[in-house]
Amino acid sequence: MEFTNLLQSLKTQYQQKLPFVVFRLPDKHTHNAYLQKDDTLHKLTDFKSKGFVFSPFDANEDTLIFPITASVRLEAEAEKNVAAEKSIKTTQPIVFDEEEKKFHKELVKKAIAYMKEGTSEKIVLARVQEVKSKKSVFEIYQNLTERYPTAFVYCWYHPQVGLWMGATPETLIHTQRTSFKTMALAGTQVYSATNHYYWGDKEKEEQAIVTRSILNDLKQTENVTSVMTSTTYTHRAGNVVHLKTDIEGFYNGKAETLQNVVEKLHPTPAVCGLPKTVAKQFILKNEKKSRKFYAGYLGELNKEREISRNIKSVEQQAYRANRFSTDFYVNLRCMECFPSEQKYNLYVGGGITTASNPEAEWTETLSKAKTLASVM
């Protein structure tokens, strides 16, 4: 299917106020879409389901799904391929209220004081940055895919919920047969063409906390084995870079185990803090606005893979028993969209430790807001 035809199908779906999602996987050129046949709001009940999942930050709220049985799934190749991330030039001004700046810096101070009492090691704080744009939703989506070829880029819509877009660099989990992969991502700097970066104690501490927490969660999960990590390295995501550690392991391939792993991983310390329960309570109590789907997760659950005809008979039964793959991404660098008002709420945040500087943390949120605003 040609991308122009897919785009027209999406526009028709949107005009008819019917749910859809379109997305492009990292380092791929194919656009995938689910077009739900009616406006029913489907809620995920278990991980045996198949479809596209959209989950909020707060696990006490409903996780939504576009079931494959209630949707039309389409694929289309991109009109042009982008081999490398384009340079970022912000076209939209980042206008903020001084009271918003004051509130965020005071919130950082409050979190630091709270952590110094010995309650937690890290708390991730977020805020909402409003940006105006006259560009259409689908134009912004295309810009995201062109600017960020190494990110998971999506546009999600349900008339009863709203419209969201984003370009996230962080994988929550990827499964293939009985293996899985995840990552620890933390620390932020502005991208430099020289590729020379100095990571201070604050960033290194934040990355170590995230990695350690994920490993502990996985090792405590039943039916998960052989968990391994890569060395930590610098990873580019648009006009910023992060510290990244790849983590992988094996599980028994069952839906119940996968659900347990996801529940252990979400929310990750990179978007919540550590200990997660304490950090989450602080976030829900003190942040000015609800995160909604920001820092939640999204992606395809139990996508059926094509089975190769060349598989040896001794392997065939095991392969067929695990022929589904799941790809979930953490919903970072995202925005809630209000096209009729030409308004877009960008969700941005940063990890706070006792070594954090309130002014620097505010500046980091501006840098992340510019990353999204550059496509608008």
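What the table below lists for this structure:
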{"item": "Relative contact order of the chain, defined on C-alpha pairs under 8 angstrom at six or more residues apart (%)", "result": "26 percent"}
{"item": "Angstrom value of the Kirkwood radius, inverse mean 1/r, which spans all Cα pairs in the stretch 253-293", "result": "11.5 Å"}
{"item": "Probe 1.4 Å, accessible area per residue of the chain, Å²", "result": "45 Å²"}
{"item": "18 Å Cα-Cα reach of LYS303 towards lysines, excluding residues that sit fewer than 8 places from it in its own chain", "result": "LYS28, LYS43, LYS48, LYS50, LYS181, LYS254"}
{"item": "Nearest-20 debye value, the stretch 39-80 charge dipole, Cβ charges on Lys, Arg, Asp, Glu", "result": "200 debye"}
{"item": "Cβ-based charge dipole, the stretch 174-234, positive-most Cα from THR211, SER230, TYR197", "result": "SER230"}
{"item": "Relative compactness, the chain, computed as alpha-carbon Rg over 2.2 N^0.38 Å", "result": "0.97"}
{"item": "Spatial separation of Cα centroids for the stretch 125-172 and the stretch 348-376, in angstrom", "result": "17 Å"}
{"item": "For the chain, built as a Gaussian network whose Cα springs stay under 10 Å, the top-fluctuating residue of LEU172, LEU284, LEU64", "result": "LEU284"}
{"item": "Net dipole in debye of the chain [+1 Lys, Arg Cβ; -1 Asp, Glu Cβ; about Cα centre; nearest 20]", "result": "220 debye"}
{"item": "Vicinal HN-Hα couplings computed from phi for the stretch 122-135 (Karplus, 6.51 cos²θ - 1.76 cosθ + 1.60; Hz; Gly/Pro x)", "result": "7, 9, 8, 10, 10, 8, 10, 10, 7, 9, 9, 7, 9, 6"}
{"item": "Selected from THR326, SER374, THR257, residue furthest toward positive end of dipole (the chain; charges at beta carbon)", "result": "THR326"}
{"item": "Mean ellipticity per residue at 222 nm, deg cm²/dmol - from DSSP H runs of n ≥ 4 across the chain, formula -39500 (n - 2.57)", "result": "-9500 deg cm²/dmol"}
{"item": "Rounded to the nearest 20 debye, dipole of the stretch 190-307 from Cβ charges on Lys, Arg, Asp, Glu", "result": "520 debye"}
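The values are calculated or read from the model by the stated rules, or taken from the named source; none is laboratory data. What you see is a predicted model, and the numbers here were worked out from it, not measured in a lab. A quick note on method: Cβ atoms are made from the backbone with ideal geometry, for glycine too, and the neighbour counts reach across all protein chains shown. Side chains included, ligands, DNA and RNA excluded: accessible areas come from the protein's heavy atoms. Shrake-Rupley method; radii C 1.70, N 1.55, O 1.52, S 1.80 Å.
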